[in-house]
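A short worksheet on the structure shown next.
The values are calculated or read from the model by the stated rules, or taken from the named source; none is laboratory data. Quick caveat, the model's predicted, so the values are computed rather than measured. Positions of Cβ are backbone-derived with ideal geometry, glycine not excepted, and every protein chain shown enters the neighbour counts.
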Amino acid sequence: MKIGIVGIGLIGGSIVKRLAKRNFDIYINDRDLQVQKVALYENNVKILTSYDDLDVLIIALPPYAATDFIKENAAKLDNVLITDVCGVKQCLAELCTDKKLKYFGMHPMAGREVGGYSSSLECLFDGANLVVSSEIIPAEMREIISALGFGNIVLSTPEKHDKIIAYTSQLCHIASNAFAQSNTIFDAKGFTGGSFEDLTRVGKLDPLLWLQLFNCNRENLIYEIETYTNKLNEYKVALEKYDDIKLIQLMENGLKYINKCKS
């Protein structure tokens with residue numbers, strides 16, 4: 001199978017490193033020529049110069065760059081199955097439908113706090129969840145997904161993906177980043193434990209990347225922020241009123257949701 005990969009940062013680079021050691025014919029392209037040079041040296045791959053004979057094109061770019069790439073190259077991609085690893089799906093699915101292109105979106109639930117090709121790992125996806133924005137997985141994608149080592153495959157739609165990911169990922173990053181913006185943090189050395197580390201970890205985000213993810217999923221994210229802030233305000237009011245019964249009810253209700261999710 002002939003696979004093209006555009007963008008070889010953390011996710012794209014990890015895909016390259018894994019697939020290059022399988023029986024695939026891999027072609028890569030990255031605007032950072034030095035990174036591309038290193039990837040060519042380290043892996044059994046070639047430079048991507050044409051899309052004509054590709055079976056699959058994997059776009060491993062941020063949302064804005066991914067949509068720009070598709071718009072600029074749509075006329076050359078009509079015979080290629082396009083997939084991507086963006087954290088949003090509806091905008092890309094709608095664009096490909098508009099351009100009459102074959103599209104299959106996938107979102108690896110894997111990553112690191114550090115980005116770039118130098119941080120990519122051949123084993124990054126081993127056992128990880130993979131959400132695909134389709135109820136049918138094409139044969140060529142099954143082969144690629146299997147080779148990458150994913151554990152659980154979740155079937156979805158672009159609309160459902162973006163609605164849920166606003167809650168399970170994007171809201172978490174906003175909540176974590178906002179939580180860190182208290183002056184108390186400067187006196188917190190020695191007072192922190194696992195709960196603090198867990199809550200602040202995902203707040204260490206790339207603002208330019210997450211701006212794109214937030215903007216492309218604005219309505220879903222606004223809904224989740226409003227739901228969360230309304231619930232936080234219930235805790236605040238209960239504390240202001242010394243309402244122990246309400247506080248216990250809120251905490252017990254949260255436990256019910258958490259246990260139901262895990263069951």
- Item | Whichever residue in segment 235-263 is closer than 18 Å to TYR167 by Cβ and of a type in the set (D, E, K, R) and, among such residues, is surrounded by the fewest Cβ atoms within 10 Å (Cβ to Cβ) | LYS262
- Message: Can you confirm whether TYR103 is closer than 20 Å to ILE153 by Cα and outside any helix (DSSP H, G or I)?
- Response: yes
- Note on the structure: Considering residues that are in contact (Cβ under 8 Å) with a residue 12 or more places away in the chain and hydrophobic (A, V, I, L, M, F, W, C), the number found within segment 179-207 is 5
- Query: Right, CYS96: in a loop (DSSP other than H, G, I, E, B) and either in the same structural domain as THR67 (by TED's automatic domain parsing) or in contact with a Lys or Arg (Cβ under 7 Å, 6 or more places away or on another chain) (or both) or not?
  - Reply: no
- Task: Filter segment 226-247 for residues that are among the aliphatic types (A, V, I, L, M) and more than 27 Å from the chain's Cα centre (by Cα) and give the result.
- Result: VAL237, ALA238, LEU239, ILE245, LEU247
- So which residues in segment 133-176 are in a helix (DSSP H, G or I), in contact (Cβ under 8 Å) with a residue 24 or more places away in the chain, within 30 Å of GLU122 (Cβ to Cβ) and over 15 Å from the mean Cα position of the chain (by Cα)? GLU140, MET141, GLU143, ILE144, ILE145, ALA147, LEU148, SER176
- Among residues belonging to segment 102-150 that are β-branched (Val, Ile, Thr) and surrounded by fewer than 20 Cβ atoms within 10 Å (Cβ to Cβ), point out the one that is farthest from GLN90 (Cα to Cα). VAL114
- Query: Given segment 1-86, what strands (runs of 3 or more DSSP E) lie entirely inside it while holding 2 or more residues that are in contact (Cβ under 8 Å) with a residue 40 or more places away in the chain?
  - Reply: 2-6, 56-59, 81-84
- Message: Just checking, does segment 62-84 include any residue being under 18 Å from ILE3 (Cβ atoms) and in contact with a Pro (Cβ under 8 Å, 6 or more places away or on another chain)?
- Response: yes
- Message: Checking the conditions here, which among LYS231, LYS241, LYS260 is farther than 25 Å from ARG112 by Cβ, modelled with pLDDT under 95 and not hydroxyl-bearing (Ser, Thr, Tyr)?
- Response: LYS260
